[in-house]
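Computed from the coordinates by the stated procedures, all read-outs in this text should not be read as laboratory data. Keep in mind it's a predicted model, so treat the numbers as computed, not measured.
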Amino acid sequence: MQTETPSSFRLICFPESAHSTAYYLSLSELLLPTVEVLAIQYPLHSGVEDGEDGEDGERLTGSPELVDRIFGALGEWMDRPIAFFGHRAGADLAYRVAERLERETGTPLLTLFVSGRTAHWDMDLGPPALGCRIVALAGEGDPKAPLRGVRAWRRRTSGRFDLEVFPGSRGYLDSSRREVVNLVHDQLLSQVPVDAEWELGAEDKGA
């Protein structure tokens, strides 16, 4: 993981490939300084090389070892409220780490953002695994993430679910970048805990 600016809470990003980390770290330039952006750097030998869905995406999604490593690395970053943002195959991985985080620590995320991905696992039986808010992002014309499949994320949480649809197909993180950043920012600030809210107020007053 790499960090930009210390702040009141953290957005941990799960990219779609081993070579797209810099894109997510650049989000910190658009978010307010109160949001610290971190990005997972996958090992190159993980098989997640080209960022395309398919075999490499399945390797990312179905890697218990990678989930173990990320979960273990989260320990030093848990001193502030956190949210996850996962894009394409990274959304699957973010979900699995969030599931383990809630199960083993009892600590819910502020929000799990899942982008450009359908909830396609066989997990519909039994209660939802998560209790945090899930916000799903989708391109209105994405043939690999049709809206019906994206809406299935609703069944993964007992908390609130929101679906945000952007124009175009799979390139909305670039074409609607400002709108995506505003969405993330608004969702996080709507759930700022009381103590963090006090800190934000103190910062705004120049304390």
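Some observations on this one:
- Couplings 3J(HN,Hα) for the stretch 98-105, derived from phi with the Karplus relation 6.51 cos²θ - 1.76 cosθ + 1.60 (θ = phi - 60°), are 4, 4, 5, 4, 5, 5, 9, 10 Hz, where x marks Gly and Pro.
- Phe85 long-range amide H proximity, modeled H, under 5 Å: Ile12, Cys13, Phe14, Phe113
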